[in-house]
1. Return only the number of the condition from (1) farther than 29 Å from V141 by Cα; (2) in a loop (DSSP other than H, G, I, E, B); (3) not basic (K, R) that G234 does not satisfy.
2. So, in region 163-185, how many residues would count as being in a helix (DSSP H, G or I) and within 15 Å of G39 (Cβ to Cβ)?
3. Is it fair to say R64 is modelled with pLDDT of 95 or more, within 22 Å of L254 (Cβ to Cβ) and either assigned to a loop (DSSP other than H, G, I, E, B) or charged (D, E, K, R) (or both)?
4. Between a residue in region 95-124 that is of a type in the set (D, E, K, R) and any residue that is part of a loop (DSSP other than H, G, I, E, B), which pairs come within a Cβ distance under 6 Å, given they are 6 or more apart or on different chains?
5. When the residues of region 202-231 are filtered to those that are assigned to a loop (DSSP other than H, G, I, E, B) and among the small types (G, A, S), which remaining residue is farthest from V267 (Cα to Cα)?
6. For P253, are the conditions met, namely being under 23 Å from L193 (Cα atoms) and either aromatic (F, W, Y) or touching a helix residue (DSSP H, G or I) at 6+ places or on another chain (Cβ under 6 Å) (or both)?
7. Just checking, which of R226, R256 is out of contact with any Lys or Arg (no Cβ under 6 Å at 6 or more places or on another chain) and either modelled with pLDDT under 95 or surrounded by fewer than 14 Cβ atoms within 10 Å (Cβ to Cβ) (or both)?
8. Residue check, V218 against (1) surrounded by 20 or more Cβ atoms within 10 Å (Cβ to Cβ); (2) under 24 Å from A96 (Cβ atoms); (3) modelled with pLDDT of 90 or more, all met but one. Which one?
Amino acid sequence: MNTPQAWTPVRWAAHADVRLAFDRLAGNDQGEPLLLITGLGVSRLWWPQGLSEAFGAGGFAVARYDQRDAGQSTRLPDTAAARGPIAALFGRRGAAYTAEEMTDDAIAVLDALGWESAHLFGVSLGGAIAQRIAIRHPGRVRTLTTMSAVPGDAAGLETIRYVRLSTLVKLSRLKFPDTVEGDIESGVAVARLISSPGYPFDERSSREAITRIADAGVRDARSQSRQIGAQWHGPPISMIKAPTLVLHGEGDPLIRPSAARRIAGRVPGARLRILPGVGHELPEPVWDTIVDEVLGLRSCRPS
């Protein structure tokens, strides 16, 4: 059995008053920089270890970070208006920060890593942020891969057309105690809800993995609402110049595949790959496919 590669000790990037936790996959410092950007509420530890290692074996120097309001990064103060993700999605919230600020968090991480530019891979909310980085900081982006995401310039009620509200309601109704055990049970429940219909949900292995990485992010409705409530005020995604890959699970129970088709139709030259049987996650059977697709995207960079 192969021993998982270690990650470097946690380091910190600073953006204004926000501290951002990040680390790197050890042993591949000479590869091309690849920054992994997480989804709503979860920490960087939710990235599958095997996928990260596969990227490393493919020639990437892999780094990941916790977005503000997640993981070890700065948590913003609670506000009365931040009542939950559904309220935030319908615009009934006070914005704690902007999408531009979240976008610039990633640039602070790149700066702390000493990377002038990087390949980006963002999933779910991280996919929308990756799109915005490619718009706002085009010189810092080598290639862009966005998965299970809505268009990065979608705002407010426009986002709802891409979201399966029935799943969002189920997620919002999950209630678990404010304990480590509650974190684990909520993590398993979320993993089950967003799992891939084409691949059986393995509750035992899922529980083992989540026990190792569990934190309160998956049940922290206020932090999630602040992340959702961060609205984009910049240019449209049609301004993206980086070689772009759009991945989406055909069976995604949270974000409709129409979101991926919309992104691919509006970003010049974007490649769309719909993954059969995949949900709102990164199941092991498609890791090789994902890595191959991203490696192929590298060859599209202008010389």
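The values are calculated or read from the model by the stated rules, or taken from the named source; none is laboratory data. These numbers come from a predicted model, not from an experiment. Ideal geometry is used to build each Cβ from the backbone, glycine not excepted, and the neighbour counts take in all protein chains shown.
1. Status for G234: all satisfied but (1).
2. Filtering region 163-185 down to residues in a helix (DSSP H, G or I) leaves 165-172, 180-185.
Then keep just the ones that are within 15 Å of G39 (Cβ to Cβ); that gives 167-168, 171.
Matching residues across region 163-185 total 3.
3. Details: modelled with pLDDT of 95 or more: yes; within 22 Å of L254 (Cβ to Cβ): yes; either assigned to a loop (DSSP other than H, G, I, E, B) or charged (D, E, K, R) (or both): yes.
When the stated conditions are applied, R64 passes them.
4. D105/R68
5. Once the filter is applied, the top-ranked residue is A214.
6. It is true that P253 is under 23 Å from L193 (Cα atoms) and either aromatic (F, W, Y) or touching a helix residue (DSSP H, G or I) at 6+ places or on another chain (Cβ under 6 Å) (or both).
7. On inspection, the qualifying residue turns out to be R226.
8. Of everything listed in (1) surrounded by 20 or more Cβ atoms within 10 Å (Cβ to Cβ); (2) under 24 Å from A96 (Cβ atoms); (3) modelled with pLDDT of 90 or more, V218 misses just condition (3).
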